[in-house]
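J.: Right, I'll just put the structure down here and ask away after.
The values are calculated or read from the model by the stated rules, or taken from the named source; none is laboratory data. Predicted model only: the values in this text are computed from it and were never measured. Cβ: placed from backbone, ideal geometry, glycine included. Neighbour counts: every protein chain shown. Just so you know, the surface numbers come from the protein's heavy atoms only, side chains and all, with ligands and any DNA or RNA stripped out. Shrake-Rupley method; radii C 1.70, N 1.55, O 1.52, S 1.80 Å.
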Amino acid sequence: MQIPALFVTAFIVGLSGAMMPGPLLTLTITESARRGFIAGPLIVLGHAILELILVLALLAGAAVYLSQPGVTRIISILGGGFLIYLGIITVRDILAGRVQLNNLEQPGSGTSRFHPVLGGALISLSNPYWSLWWATIGLSYLTLALQKGFSGVTSFYAGHIMADLVWYLRSEEHTSELQS
């Protein structure tokens, strides 16, 4: 596979994952309503940093451990537990009156538990589907990219992250329309 084709296919595959509704999209919509346009790029930056660390770890040999069934199970349990924790504290805050929809009407209003960069990384890491994607599709794709060396890996990573950035910038556009 040629480098441009690797970029394009990584973008398309990445976009198919980014378009799936989930915790990262929810965080992006919420933070965009609170902080405005900058939230999406910051969340994607946190996600991208986490994925860069993962790609480097996989290239350094962590792939052997990530593909073990027991590791996948542990990641799924811990990630699912973190998502349940976030859901519980969100419900608790709503019941206590600390979260109201009118707090989200103006950018800059409301408070967040995490900076968007940290939030993007934590939400991605806690999502069991993220780990499963990287243990299967991502690892296979990375192996294919590695055949082209540094250029191949860079092209794959850039295409993959660009898909996230394009989709989450588009999500912010919809959030802005809803606020109008």
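J.: Between Ala158 and Val91, what length in nm is gained on full extension when 0.36 nm per residue of separation is reduced by their alpha carbon distance? Show your work: numbers first, answer last.
T.: Details: separation 67, 0.36 × 67 = 24.12 nm, distance 3.67 nm.
Contour length minus the Cα-Cα distance gives 20.4 nm.
J.: Next up: Whole-Hz ³J(HN,Hα) for each residue in the stretch 22-27, computed from phi via Karplus 6.51 cos²θ - 1.76 cosθ + 1.60 with θ = phi - 60°, x for glycine and proline: what do you get?
T.: Result, ordered by residue: x, x, 5, 5, 4, 4 Hz.
J.: Non-local amide H neighbours of Phe37 (under 5 Å, H modeled in plane, Pro and chain starts lacking H): which ones?
T.: HN-HN under 5 Å from Phe37: empty list.
J.: R0 = 35 Å: FRET efficiency of Arg73 with Thr143, Cβ-based, nearest 0.05?
T.: On the way: r = 23 Å, r/R0 = 0.66.
FRET efficiency, Arg73 to Thr143: 0.95.
J.: Which order do Val44, Val166, Val64, Val117 take when ranked by solvent-accessible area (1.4 Å probe, heavy atoms of all protein chains), largest first? Before the final figure, lay out the partial values.
T.: Working: Val44 10, Val166 70, Val64 90, Val117 35 Å².
Final ranking, largest accessible area leading: Val64, Val166, Val117, Val44.
J.: Pop out the ³J(HN,Hα) list for the stretch 48-58 in order, Karplus 6.51 cos²θ - 1.76 cosθ + 1.60 with θ = phi - 60°, rounded to Hz; leave Gly and Pro as x.
T.: 5, 4, 4, 5, 5, 4, 5, 4, 4, 5, 5
J.: Oh, and also: What does the extension gain come out to for Leu169 and Ile53, with contour length at 0.36 nm per residue minus their alpha carbon separation?
T.: Details: separation 116, 0.36 × 116 = 41.76 nm, distance 2.29 nm.
So the extension gain works out to 39.5 nm.
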